[in-house]
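Each remark here refers to the structure printed beneath this line.
The values are calculated or read from the model by the stated rules, or taken from the named source; none is laboratory data. Keep in mind it's a predicted model, so treat the numbers as computed, not measured. Quick reminder, even Gly has a Cβ in these numbers, built from the backbone with ideal geometry, and neighbours come from all protein chains shown. Side chains included, ligands, DNA and RNA excluded: accessible areas come from the protein's heavy atoms. Shrake-Rupley method; radii C 1.70, N 1.55, O 1.52, S 1.80 Å.
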Amino acid sequence: MHQRLLEHLTTAVLLLDGELRVRWMNPAAEALLAVSLSRVHGISLDTLLGGDVSIDEVLAKARDAFHPYTQREARITPLNSEPLTVDYTVTPLSDDELLLEVEPRDRLMQISREEALTTRQETIKVLARGLAHEVKNPLGGIRGAAQLLERDLDDPALREYTHIIVEEVDRLRDLVDSMLGPNRMLKHEPVNIHKVLERVRALLIAEHPSVTISRDYDPSLPDLSGDESQMIQAVLNVARNAVQAMSDAQTPEPTLILRTRARRQFTLGAERHRLVSEVAVIDNGPGIPDTLQETLFYPMVSGRAEGSGLGLSIAQSILHQHQGLIECDSRSGHTEFRLLIPMVINFTGEAS
């Protein structure tokens, strides 16, 4: 009966013997560590975790003192798997039995970062809208005054100055509008994400023929519900940013990868979705400086002298309108932007 309860827990549970060898694990532990019990039964825990002895030392102390111990945000590296951040608790049951409970933290930490990012961006959006209102009103007055002045001028040379005033006012107005992101209602229709990516790929090939753009698509992805033109704009902004970074750094053999994957039972912000589309834009450029990574999606923030700093901010705004978001991981030689958008299973109004 107790084993049946443990098998249905979502928390990973392992039973170890006194020599810290694996005696049993529940399905949640098999999924977390990407191994089967039959494969690892009887092997030492440090072998299972790729030679990590730090957790062995903690478990040995708990065993010898016969006292439970909890470790927060520990890093482990299971065999043939990616490193994980976990909380774990070890509880001695007897001289020859220890119960190890492991709770993954990576996704929870990511959700916390996403919520903080969303909150900051919402605050910035409110401030930007207030600023835009205060700026656009006097701009309208300046434009109107310049047009009235132009009517009373007989000298064409002087009219040239009023033309410059009107053009610069229009440019500033357009800049303010860009800071606010898309301002029209989104269409809600089936969108084939691969059609979006092929359009972006064609545009980039025409603009940057020296960049190799490869595809890594999951053809089984269903359609999204959203606005195709806005999705093209979001992906294009991210991809252009990557290509421009490689061009500015004169990256040898610049390569861009467009990849799609499905993520199941995935949490975006505070909402859990059954199915999420992940669109990854990966480049082999110089990477994003650490000083920019925290403010990357803020308007007017750019790592390029001639950049407006609006491309990524607008892309993130479009993703938010689709109940999605953009994540970024970057290091020298590998920068990956992941656009995460909830999918639609059917078109009767039920969203994943």
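For Asp155, are the conditions met, namely being closer than 30 Å to Arg338 by Cα and of a type in the set (D, E, K, R)? Considered against the rule, which asks whether it is closer than 30 Å to Arg338 by Cα and of a type in the set (D, E, K, R), Asp155 comes out as no.
Taking the conditions exactly as written (in contact (Cβ under 8 Å) with a residue 40 or more places away in the chain, touching a His at 6+ places or on another chain (Cβ under 9 Å) and over 30 Å from Arg264 (Cα atoms)), does Arg23 satisfy them or not? Yes; evaluated as a whole, the condition is true for this residue. Scanning the range 166-205 for residues that are assigned to a helix (DSSP H, G or I), modelled with pLDDT of 90 or more and open to solvent by less than 80 Å² (accessible area, probe 1.4 Å) yields Ile193, His194, Val196, Leu197, Glu198, Val200, Arg201, Ala202, Leu203, Leu204, Ile205.
Quick check on Arg39: is it more than 15 Å from Thr89 (Cα to Cα) and touching a strand residue (DSSP E or B) at 6+ places or on another chain (Cβ under 7 Å)? No: the conditions fail for Arg39. Evaluated against (1) of a type in the set (A, V, I, L, M); (2) closer than 28 Å to Glu327 by Cβ; (3) at pLDDT 90 or above, Ile124 falls short on exactly one condition, (3). Checking each residue in the range 130-165 for being within 29 Å of Phe297 (Cα to Cα) and surrounded by 13 or more Cβ atoms within 10 Å (Cβ to Cβ) picks out Leu131, Ala132, Val135, Lys136, Leu139.
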